[in-house]
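A quick write-up on the structure given underneath.
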Amino acid sequence: MTSCGRQWRSRWERAPWSAQKAAPGPAGAVSPTLPSNGSLGHPDLCRSACVFVVGGTCLNGQSCTYCHLPHDEKRAKLDKRQRGWLKELSESQLLPILLDHMEARAEDKGFARQAMGLLQLLQRRLRVLPPAARPETVLAPKKLRNLDRALSRMTFFQLLRLAPQDDQQGHAIAQAIYELRRAAI
Ligand SMILES: [Zn+2]
Ligand SMILES: [Zn+2]
């Protein structure tokens, strides 16, 4: 059964929202022009691609929390070795690295202003963390360069997901992500 898949495809082809600026709607409402809720913010801020849509049809339709828009298969991912290196870094070592990349990505993609609130939350988090030694004291420069290259291929949202979760900020961050996604449509 691929008819559903074809349906959403023709719908998004007619709606070039990546080039349009939609008026912000009421909080909590996801744009009805999107093929799924998880597609909000596509391509830089959306959730990961829905495996069902890639396979043909997603029965969750618009309520699916994954992205139903086409994703580049070569979207960067960290390999096992690189994920291991990230774990060796403390939060105060990792956050500045991620923040640098997120700022660069927001700048490149033209949503630096909209991303400010979210980035400020992470910077605030960084300020209350115990100061840490430079990341070079934990990882060899070669590994750090390798990581840097991998991170520079990741989207803003992928980078954000690598940041350690903080319970106290969880709600504020979720809200900031939602606002950023809406602003970026
Ligand atoms: Zn997407
Ligand atoms: Zn789906």
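Residues in segment 165-178 include none that are in contact with a Phe, Trp or Tyr (Cβ under 6 Å, 6 or more places away or on another chain) and without any contact (Cβ under 8 Å) to a residue 60 or more places away in the chain. Counting only helices (runs of 4 or more DSSP H) that sit wholly inside segment 36-117, not one has at least 3 residues that are within 12 Å of ligand 2 (Cβ to nearest atom) and closer than 12 Å to Thr155 by Cβ. Restricting attention to segment 84-113 and to residues that are among the small types (Gly, Ala, Ser) and within 17 Å of the chain's Cα centre (by Cα), the residue that is surrounded by the fewest Cβ atoms within 10 Å (Cβ to Cβ) turns out to be Gly110. For segment 86-102, state whether one or more residues are closer than 20 Å to His42 by Cβ and modelled with pLDDT of 90 or more. Checking segment 86-102: at least one residue is closer than 20 Å to His42 by Cβ and modelled with pLDDT of 90 or more.
Checking the stated criteria, Gln158 turns out not to satisfy the condition of being polar (S, T, N, Q), more than 22 Å from His71 (Cα to Cα) and assigned to a helix (DSSP H, G or I).
Okay, residues lined up against (1) aliphatic (A, V, I, L, M); (2) at pLDDT below 90; (3) more than 15 Å from the chain's Cα centre (by Cα):
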site: Leu121; (1), (2), (3): yes, no, yes
site: Arg124; (1), (2), (3): no, no, yes
site: Glu136; (1), (2), (3): no, no, yes
site: Lys142; (1), (2), (3): no, no, yes
site: Leu147; (1), (2), (3): yes, no, yes
site: Leu151; (1), (2), (3): yes, no, no
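Taken together, Asp166, Asp148 contain a single residue that is under 18 Å from Leu98 (Cβ atoms), of a type in the set (Asp, Glu) and part of a loop (DSSP other than H, G, I, E, B), which is Asp166. Of all residues in segment 43-69, exactly one satisfies the criterion of being of a type in the set (Phe, Trp, Tyr) and more than 9 Å from ligand 1 (Cβ to nearest atom), namely Phe52.
The values are calculated or read from the model by the stated rules, or taken from the named source; none is laboratory data. Predicted model, so just to flag it, every value in this text is computed and none were measured. Glycine also receives a Cβ, built like all others from the backbone with ideal geometry; neighbour counts cover every protein chain displayed.
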